[in-house]
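Data block below; observations after.
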Amino acid sequence: MIRLVLLFLALACPLRAESIVLGLSQDSVSITASFDGSDILIFGAVSRTAPEPTDLGPLGVIIAVSGPDQAVSVFRKARQFGIWINKDEVEVDRAPSFYAVASSGPLSEILRDTEDLRHEITIPRAIRSVGATVSDSAAFTEALIRIRSKDSLFQMKEGTVDLQQDTLFRTSFHLPANLLEGDYLARIFLTRGGRLIDEHSTVIPVQKVGLERWLYNLAHVQPFLYGLLSLVIAVAAGWAASAGAAALKR
């Protein structure tokens with residue numbers, strides 16, 4: 001069914017010699033009190049107004065999903081006087097809270113460095129750190145990538161885009177439970193011989209809903225009431241636990 005829809009859209013939307021027609025399995029992600037992550041399917045087709053070129057190199061598809069940017073402080077610990085302390089610090093001016101990249105083949109084969117630099121596609125290019133005062137600031141960026149990759153917040157998935165007959169493509173991303181709320185940007189890049197020939201983007205809203213949204217708004221709009229409510233719940237939970245323990249002793 002998906003294949004028939006994509007083929008219809010590809011024929012109905014001829015914009016360039018080769019261009020992207022995009023689809024999503026869901027238009028938004030809702031964070032509830034029991035949210036433990038979500039999988040999102042991104043699929044599409046390559047629309048053509050002329051026969052597929054054979055002398056410009058192989059076709060490549062790259063899909064990147066990024067969360068809201070944020071500033072991050074990265075520290076390096078050092079042992080002094082028998083204790084570990086934060087010695088060096090680098091301020092990362094801009095780093096996506098979530099970033100995942102999937103491609104139809106090895107990035108070294110389907111994406112040129114100049115295109116990566118211009119469009120900030122790979123994870124290191126998506127991180128901006130300027131004004132660092134330490135000599136090896138690149139090590140701090142690598143540490144940030146390593147930490148967030150361990151938490152599934154940074155994902156590099158080369159060769160996971162299923163490209164069929166150089167026309168239909170699809171891949172899926174797992175969004176972990178520790179997502180930051182906001183607008184997530186999905187970008188799809190079409191390349192030939194490493195050169196970018198088309199780009200398409202769409203926004204995927206990630207929002208708290210239900211009880212999670214109510215508690216979030218209460219904490220930020222009326223922090224005193226939120227603190228009072230938390231205290232009441234803690235006292236009630238303690239009393240209930242104490243009453244239950246007393247009942248068991250009888």
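Filter region 61-82 down to the residues that are among the hydrophobic types (A, V, I, L, M, F, W, C) and at pLDDT below 70, then identify the one that is nearest to Q165 (Cα to Cα).
A78
Quickly run through region 97-119 and pick out the residues that are open to solvent by 70 Å² or more (accessible area, probe 1.4 Å) and not in a helix (DSSP H, G or I).
Step one: of region 97-119, the residues open to solvent by 70 Å² or more (accessible area, probe 1.4 Å) are 108-109, 112-114, 117-118.
Residue satisfying the conditions is R112 alone.
Those residues that are open to solvent by less than 50 Å² (accessible area, probe 1.4 Å) and under 12 Å from S30 (Cα atoms), I need them from region 158-186; list them, please.
Scanning region 158-186 gives L175, L179, E181, G182.
State all residues of region 36-57 that are of a type in the set (S, T, Y), farther than 28 Å from Q207 by Cα and touching a strand residue (DSSP E or B) at 6+ places or on another chain (Cβ under 7 Å); if no residue qualifies, say none. Quick ask: steps written out before the conclusion?
We begin by selecting, within region 36-57, every residue of a type in the set (S, T, Y); these are 38, 47, 49, 54.
When the remaining residues are screened for being farther than 28 Å from Q207 by Cα, the result is 47, 49, 54.
Listed by number, the list holds a single entry, S47.
Looking for something of a type outside the set (F, W, Y) and in contact with a helix residue (DSSP H, G or I) (Cβ under 6 Å, 6 or more places away or on another chain) - is there at least one such residue anywhere in region 99-107?
Going residue by residue through region 99-107, those that are of a type outside the set (F, W, Y) are 100-107.
So of that shortlist, the ones also in contact with a helix residue (DSSP H, G or I) (Cβ under 6 Å, 6 or more places away or on another chain) come out as none.
No, every residue in region 99-107 fails to be of a type outside the set (F, W, Y) and in contact with a helix residue (DSSP H, G or I) (Cβ under 6 Å, 6 or more places away or on another chain).
Counting only residues that are of a type in the set (G, A, S) and open to solvent by 10 Å² or more (accessible area, probe 1.4 Å), which one in region 57-71 is nearest to the chain's Cα centre (by Cα)? Show your work before the answer.
Applying the first criterion (of a type in the set (G, A, S)) to region 57-71 yields 57, 60, 64, 66-67, 71.
If we keep only those that are open to solvent by 10 Å² or more (accessible area, probe 1.4 Å) as well, we get 57, 66, 71.
Working: G57: 29, S66: 4, A71: 16 Å.
This residue is S66.
Select from region 10-56 the residues that are within 22 Å of K157 (Cα to Cα), part of a loop (DSSP other than H, G, I, E, B) and either at pLDDT 80 or above or open to solvent by less than 50 Å² (accessible area, probe 1.4 Å) (or both) and list them in ascending order.
G37
Suppose the filter is at pLDDT below 85, open to solvent by less than 10 Å² (accessible area, probe 1.4 Å) and touching a strand residue (DSSP E or B) at 6+ places or on another chain (Cβ under 8 Å); does V92 pass it?
Answer is yes for this residue.
The values are calculated or read from the model by the stated rules, or taken from the named source; none is laboratory data. For clarity, every value in this text was computed on a predicted model and none was experimentally measured. Heads up, the Cβs are rebuilt from the backbone with ideal geometry, glycines too, and the neighbour counts pull from every protein chain shown. Heavy atoms of the whole protein, side chains included, go into the accessibility calculation; ligands, DNA and RNA do not. Shrake-Rupley method; radii C 1.70, N 1.55, O 1.52, S 1.80 Å.
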